[in-house]
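Quick note: the coordinates plus some simple rules give every number you see, no bench work behind them. What you see is a predicted model, and the numbers here were worked out from it, not measured in a lab. Cβ atoms come from the backbone with ideal geometry, glycine included; neighbour counts cover every protein chain shown.
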Amino acid sequence: MARSITAFTCTACGASHRKWSGRCETCNEWNSIIEEAPLSQGPGRGLGSLKGKPVPLSGLATQEAPPARAHSGIAEFDRVLGGGLVPGSAILVGGDPGIGKSTLLLQAAAAFARNGQQAIYFSGEEASAQVRLRAQRLGLGDAPVRLGAETALRDILTTLDVERPDVAIIDSIQTLWSDQIEAAPGSVGQVRASAHELTTFAKRRGTSVILVGHVTKEGQIAGPRVVEHMVDTVLYFEGERGHQFRILRAHKNRFGPADEIGVFEMTGGGLSEVANPSALFLSERGQPSAGSAVYAGIEGTRPVLTEVQALVAPSTLASPRRTVVGLDSGRVSTILAVLEARCAVPFAGLDVFLNVAGGMRVNEPAADLAIAAALLSAREDIALPAEAVIFGEISLSGALRPVAQTENRLKEAQKLGFSRAILPASTKVEGVSGMRVDRVSDLTSFVGETFGA
Ligand code: TYD
Ligand code: MG
């Protein structure tokens, strides 16, 4: 028998090391390396047969067309998957505990089942009776979805092999345990082995497997970033507590655009789709006030309008506050530095609070100009034109760079009643009429023209 070599794995980034150390050399995280038993080598370790023989790419062309994607009928969910579920794919759905993952996937399982797909929902966290109660509360009591309360990986694989469903949902990957591995459920070794077995099964049998993964406080799917590498698609279910909006965002997708979002609202009867997120995110906008800027963004393939809110107030602290919600704080620091250095607008001695309304996260650099506009508007206490949307990337020199998909952004803005756009001068505007377009060459002239500084 082969000698088993103990492996050391970083729970933060998944890198494996030959010996333990206090800090992972790959991701520089402290105290993240743990010892784990190696994956079983399996019997028969001789050279393989010709099974791994490569096939010329052109030889594949004669094979039949790839099987069609399965649609759940929940449009927001199908969109995030890249237009439906690819048979035999493995999907990871991550999110904070209590955010609504089980609710979403139970609804999705029922929707797939009602659409004629064979669906099995394995719950390792709740008993079947509890899942059934939840399903009844969600109005899904009659859906032909099957439930399993199982956590032993071997039993789940056997069930899947016998039943051959189209979709299997595992809620959650942290509750699974494999008897091949001497570690507690939820440990990196267990999670990795379970994910590996299930994704391999998915590929071999054409069953789509959806894995639910809890995210720890540190923002990682407990232990295994490794699972992210194994699956085809990684979706995160996000939302602010206290807000009823939930956003399902594709972080990685082999079968569709990454960064695609689906927007849901948590109601007493489960999650309901939000077909027009722009209207929703702008719905709380009151009278035009200083510090508010409307950003015309693109999320995946869809334009989404959001409101960037800023508050700037004198600080009593030696190092003033920079509180940022829904935006990249590094990006905000850069914009503050460009405003100080290139436009002579100091923020020293001022607390800065920035927020994207509705619990949305905006990651596009195209939001730079809207962020700068909100900051300047709050600082000068001058409201921006209420009928205008703003977008454009700011470079370190203070110049403005054009951004992609202008037409989509402007059309969405027009649909929501905006009649004016403030954007970089070099932007090509085509296909949009009836909108006033203010072209700004650089940040300094934007400050001068809009705030008369
Ligand atoms: P759940 O799907 O159990 O979260 P997760 O699986 O991500 O841990 O969702 C739990 C929360 O959702 C809980 O706080 C109650 C809320 N909820 C509703 O508001 N309405 C509903 O219809 C359901 C089923 C849950
Ligand atoms: Mg759950």
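Per-residue extension of 0.36 nm, minus the Cα-Cα distance of Ser419 and Asp381, leaves a gain of 11.4 nm for this segment.
Label positions at Ala152 and Ala279, each projected 7 Å from the Cα along the C-beta direction, are separated by 5.2 nm.
Contact order for the stretch 312-453, expressed relative to its length and based on alpha carbon pairs under 8 Å spaced 6+ residues apart, stands at 22 percent. Counting lysine pairs in the chain that sit 8 or more residues apart in sequence, or on different chains, and whose Cα atoms lie under 29 Å apart gives 11. Net charge dipole, the stretch 280-451: roughly 180 debye, given to the nearest 20, about the Cα centre with Cβ charges of +1 for Lys and Arg and -1 for Asp and Glu. Under 20 Å from the 7 Å Cα→Cβ point of Ala404, by amide nitrogen: which residues of the stretch 416-436? Backbone N within reach: 423-432. Considering only Leu327, Ser283, Tyr236, and ranking their Cα positions along the charge dipole of the chain that arises from unit charges at the beta-carbon of Lys, Arg, Asp and Glu, the one farthest toward the positive end is Tyr236.
Backbone amide hydrogens, once placed in the peptide plane, bring Val325 within less than 5 Å of Leu354, Asn355, Val356, excluding anything fewer than 5 places away on its chain.
From helices alone, the chain scores -7500 deg cm²/dmol at 222 nm; the rule is -39500 (n - 2.57) for each run of n ≥ 4 DSSP H residues, then divide by the residue total.
Charges were assigned to the Cβ only: +1 to each Lys and Arg, -1 to each Asp and Glu. The resulting dipole of the chain about its Cα centre is roughly 880 debye. Taking the charge dipole of the stretch 280-451 about its Cα centre, with +1 at Lys and Arg Cβ atoms and -1 at Asp and Glu Cβ atoms, the residue from Gly434, Leu375, Ala386 reaching farthest to the positive side is Gly434.
Karplus-derived 3J(HN,Hα) values for the stretch 439-449, using 6.51 cos²θ - 1.76 cosθ + 1.60 with θ = phi - 60°, are 9, 10, 7, 8, 5, 4, 6, 4, 4, x, 6 Hz; glycine and proline are entered as x. Here the Karplus curve 6.51 cos²θ - 1.76 cosθ + 1.60, taken at θ = phi - 60°, turns the phi angles of the stretch 87-95 into couplings of x, x, 9, 10, 10, 10, 10, x, x Hz, with x standing for Gly and Pro. Annotation: amide H of Ile33 within the under-5 Å range of Thr11, sequence separation 5 or more or interchain, hydrogens built in the peptide plane. The label-point distance for Trp20 and Ala341, in a model that sets each label 7 Å from Cα toward Cβ, rounds to 4.5 nm.
Around the Cα centre of the stretch 70-274, unit charges on the Cβ atoms of Lys, Arg, Asp and Glu (plus for the first two, minus for the last two) sum to a dipole of about 180 debye. Only beta bridges with both residues in the chain are counted; by DSSP, about 50 percent of them are antiparallel. Across the stretch 336-341, rounded Karplus estimates of 3J(HN,Hα) from the backbone phi angles (6.51 cos²θ - 1.76 cosθ + 1.60, θ = phi - 60°) give 4, 5, 5, 4, 5, 7 Hz, Gly and Pro being marked x.
When cysteine pairs in the chain are screened for C-beta atoms closer than 4.7 angstrom, the residues that find no partner are Cys343. Taking amide hydrogens as placed 1.01 Å from N in the peptide plane, the amide H of Gly239 sits under 5 Å from those of Ile247, each at least 5 positions away in sequence or on another chain. Over the C-alpha trace of the chain, radius of gyration and Dmax come out as 25.3, 79 angstrom. Ranking Val227, Ser172, Leu400 by how far each Cα lies toward the positive end of the dipole of the chain (charges on Cβ) leaves Val227 at the top. Highest average first, the peptides 186-197, 439-450 ordered by how many other beta carbon atoms sit within 10 Å of their residues are 186-197, 439-450. Relative to its residue count, the stretch 280-451 spans a Cα convex hull of 103 Å³ per residue.
Round to the nearest 0.05 the FRET efficiency obtained for Gln130 and Glu163 when R0 = 25 Å and r is the Cβ-Cβ distance. With R0 = 25 Å, the Cβ-Cβ based efficiency is 0.70.
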